[in-house]
Amino acid sequence: MQVIKLVCKQTLVNYRKPTSFKIKESYPLPPYSTVIGMVHKACNFTEYHPMKVSIQGTRQGQVSDLYTKYTFSVGKKYESDRHNLWAEDKNKNRYGITRGIGYTELLTEIDLIIHICPEDETELNSIYEGLKKPSTFLSLGRHEDLLDIVKIEIHNCIEVEEIQTRHDIYIPLETVEEYKGTIYPLTKEFYIVEKTGMRRFKKPILSKLVPIKEKLEYQIVDEENDLVVLV
């Protein structure tokens, strides 16, 4: 089996948890759908191309960042004692907007190893070329969270009886229930709504973030002995 191996870095990044609002919390590593979306952008795919990915990495720490937050309710009229801004429609009706402060959790100095295996094997080279020469800058997380690609290669994979993890890595919960780690519901597959162009996600996959130096049995590795857990 062949996979595309992507070694990359990021300085400050937020892989936002969709359920976080007051504080924009971050996953410790990018979810499957975030990586797959990045691949689609690099290759100019306009519809979903099935693929499996393996995501692992390390981070140095995290910081909190302030941002200006605007909140409003549709149809809520402006009230001077409740709102500090307003917007006006064509009929001169004013609607209230509240401006405040929000917090974003940012991870620092991220090192990532991503493996990509398209369901259609004939797409391997086209995805490889798309990632090597993307039509626009690539990011993971927020639009401004630029992705610094260190190297990209095609690797053959082999099975080993035992291996120790070199990085934190996402592994489906059903295969690693006995190992320690935090469980996350991670989105993967999505479809694009034709009328709006918006992505809608299918049922998330329960995955465990297995930490570094954990011994695993009967796994797949690439040519540099890095673990490959395709989901």
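The values are calculated or read from the model by the stated rules, or taken from the named source; none is laboratory data. Computed from a prediction, not measured in an experiment: that's the story for all the values here. A quick note on method: Cβ atoms are made from the backbone with ideal geometry, for glycine too, and the neighbour counts reach across all protein chains shown. Calculation scope for accessible area: heavy atoms of the full protein, side chains included, ligands and nucleic acids excluded. Shrake-Rupley method; radii C 1.70, N 1.55, O 1.52, S 1.80 Å.
Overview of results
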quantity	calculated
Accessible-area composition of the chain, carbon plus sulfur, in percent [1.4 Å probe]	49 percent
Whole-Hz ³J(HN,Hα) from phi, Karplus 6.51 cos²θ - 1.76 cosθ + 1.60, for region 154-171, glycine and proline x	9, 10, 8, 10, 9, 9, 10, 6, 8, 8, 9, 5, 9, 9, 5, 8, 7, 9
Amide H contacts of residue 154 (H built 1.01 Å from N, under 5 Å, at least 5 apart or other chain)	5
Top of 170, 70, 27 by mean-square fluctuation, Gaussian network on the chain, Cα under 10 Å	70
23 Å tail of the calculated P(r), region 147-231, as % of Cα pairs	39 percent
q = 0.13, 0.24 Å⁻¹: log10 I(q)/I(0) that the Debye formula gives for region 91-140, counting C-alpha atoms only	-0.64, -1.08
Per-bin percent of Cα-Cα distances, region 175-217 [5 Å]	5, 19, 19, 15, 13, 10, 8, 6, 4, 1
log10 of Debye I(q)/I(0), alpha-carbon scatterers only, for region 7-74 at 0.12, 0.25, 0.28 Å⁻¹	-0.46, -1.21, -1.35
Radius of gyration and Dmax over the Cα atoms of region 40-112, both given in Å	21.0, 54
Among 162, 194, 119: highest mean-square fluctuation, GNM of the chain, C-alpha pairs under 10 Å	194
Sequence-distant residues sharing a close amide H with residue 147 (under 5 Å, placed H)	138, 139, 140
Within straight-line cross-link reach of residue 76, lysines at Cα separation under 17 Å, skipping those fewer than 8 residues along the same chain	90, 92
11 Å beta-carbon shell around residue 94, net charge (K/R +1, D/E -1)	0
Links that overshoot a 20 Å alpha carbon limit, given the list 41/69; 17/203; 151/188	41/69; 151/188
Under the Debye formula (equal points on every Cα, no solvent term), log10 I(q)/I(0) of region 60-160 at q = 0.16, 0.17, 0.18, 0.19 Å⁻¹	-0.86, -0.91, -0.96, -1.01
Where only C-alpha atoms are counted, convex hull volume of region 1-133 per residue in Å³	156 Å³
Set of aspartates and glutamates near residue 5 by C-alpha distance (under 16 Å), chain-local residues within fewer than 8 positions excluded	111, 119, 121, 123, 129, 148, 153, 222, 223, 224, 226
Translational diffusion of the chain, µm² s⁻¹ [Kirkwood Rh, Cα pairs; Stokes-Einstein; 25 °C; 0.890 mPa s]	125 µm²/s
Convex hull of Cα atoms in region 104-208, direction-averaged projection (nm²)	9.9 nm²
